[in-house]
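J.: Quick one: structure below, then a few questions.
Since every read-out is calculated from the coordinates, none of them should be taken as a lab result. This is a predicted model, so every value here is computed, not measured. Here Cβ is always computed from backbone atoms with ideal geometry, including for glycine, and neighbour counts include all displayed protein chains.
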Amino acid sequence: MNTRTSRWTKRTLRTAAALIVAALVWIFWGADALHERTDGNYRARPGGFAPVTNPTRLAEEGAYLARIGNCALCHTAPGGPPFAGGRAIATPFGAVLSTNITPDPTHGLGQWTPDDFWRALHHGKGRDGRRLSPAFPYTSYTRVSRSDADALFAYLMTVAPAALANAPSTLAWPFNTQAALAVWRALYFWPQNGAEPEPASAADAPGAEASGAAVATLARGAYLVQGLGHCTECHGKRGPLGGLQSGKTLAGAVLPGTPWYAPSLQRADEAGAISLAQTVAVLQGDTAHQGYASGPMAEVVLHGTQHLRDADAQAIAAYLQSVALPAKAAAPTEAAQTSTDPRAAKLYEDQCADCHGKDGKGQSGAYPALAANRAVLMDKPNNAVLSVLYGGFAPATARNPRPFGMPPYLLSLNDADVAAVLTHVRTSWGNHATGVSELQVQQIRRVQAAH
């Protein structure tokens with residue numbers, strides 16, 4: 001190697017090293033600093049927000065927001081004090097324990113200010129500046145407006161303080177380090193403007209002509225779905241490091257650590273909005289002939305969406321309808337047929353027909369139809385398998401205080417039986433879904449048992 005080549009090699013290595021150092025500085029400090037420096041809402045209430053003149057009314061609004069944001073569900077351990085934390089949030093890298101958000105001055109938010117709380121929601125940082133785990137969905141909460149953040153904080157300051165210390169996560173190294181969080185944030189997180197978004201155009205509204213009211217309704221729906229409702233955190237597809245994939249934030253995904261599948265909110269053959277009335281009924285916990293919320297979504301309805309004001313429920317339904325993808329072309333019409341497996345047919349007759357009907361049409365207002373039911377015909381049969389194994393239970397809501405339920409068959413049906421009866425359901429009465437294998441049932445049962 002001649003002297004000239006050697007000098008060129010050294011310059012190249014020095015340049016590469018400088019670029020690596022610059023990238024590391026940006027990841028560990030620059031990105032976060034830029035986020036907060038460019039955020040006009042962080043240390044000062046933005047112009048246009050009225051000063052707080054009625055703290056009681058602000059806290060009342062915060063109570064509503066906390067309900068529809070489902071704060072208590074994640075921040076309350078089973079049997080523990082409300083909002084005192086300790087509930088395990090599963091991730092692909094271990095569990096994160098939710099934190100104490102009561103006004104306790106030692107373990108909770110008792111020494112926090114509204115600015116500190118805004119920083120946590122909007123920037124994903126604690127009062128001490130430490131980066132928070134995205135198991136706390138600040139990737140969605142960054143869209144919450146400053147006025148709603150202040151209302152939430154005002155309400156949390158009224159709940160009973162609980163002197164319960166925060167438990168450490170069980171995340172594996174290096175995912176439990178601030179360095180890993182810095183890298184993750186550099187890849188996947190950029191704070192939003194903290195204001196209600198507007199649809200791309202008035203044409204996004206359902207119907208032929210979109211009025212100003214329709215545009216405002218869509219904007220409110222988008223704000224609730226993308227922000228406080230944090231729907232994308234369950235219904236969005238994620239990459240190998242747990243970041244939401246661009247363009248797939250409502251595309252459906254299996255929940256981390258469980259076999260439950262959060263269906264696509266865009267596909268008409270999964271959970272994409274078909275009608276405003278049906279979507280509102282499901283959100284508010286009313287009965288629907290095609291089914292009801294079950295599994296993790298039942299908890300969301302029970303603790304959260306059933307409390308939606310009618311206007312907010314309508315806004316969410318309108319927004320979901322606006323983002324629904326065109327339905328796939330229908331398959332060639334065929335005469336309705338029933339599965340020809342006599343064993344599976346006998347299982348259905350003995351275990352299911354009394355409630356769901358021999359014709360699969362169910363009983364209106366009580367037991368959902370299975371014929372043409374999207375919930376049992378999805379490509380992924382996870383939820384149908386889990387409902388057969390562990391039962392199907394609708395949430396007891398104000399609109400449906402005594403719901404009918406389906407008993408669990410975990411002990412009475414083996415994996416082959418479950419696969420057979422679900423294959424029968426998915427291929428009868430004109431249903432044309434793929435069959436369910438015994439191996440699929442076995443895998444789903446094993447993952448759920450470990451959860």
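J.: For residue 54 and residue 113, compute 0.36 nm times the residue count separating them, minus their Cα-Cα distance, and round to one decimal in nm.
T.: Details: separation 59, 0.36 × 59 = 21.24 nm, distance 1.76 nm.
Roughly 19.5 nm would be gained on extension.
J.: So between residue 165 and residue 446, what do we pick up on full extension, going 0.36 nm a residue minus the alpha carbon distance?
T.: My answer for the length gained is 97.9 nm.
J.: Assign unit charges at the C-beta atoms only (+1 for Lys and Arg, -1 for Asp and Glu), then state the dipole size of region 363-451 relative to its Cα centre in Debye, rounded to the nearest 20.
T.: So the magnitude is around 320 debye.
J.: According to a simple spin-label model (label point 7 Å from Cα along Cα-to-Cβ), what is the distance in nm between residue 349 and residue 130?
T.: 6.3 nm
J.: Here's another thing I want to ask about it. If you bin every alpha carbon distance in region 39-188 into 5 Å steps from zero, what whole percent lands in each bin?
T.: 2, 9, 17, 23, 21, 15, 8, 3, 1, 0
J.: Subtracting the Cα-Cα distance from 0.36 nm times the residue separation, let me have the gained length for residue 372 to residue 179 in nm, one decimal.
T.: Contour length minus the Cα-Cα distance gives 64.6 nm.
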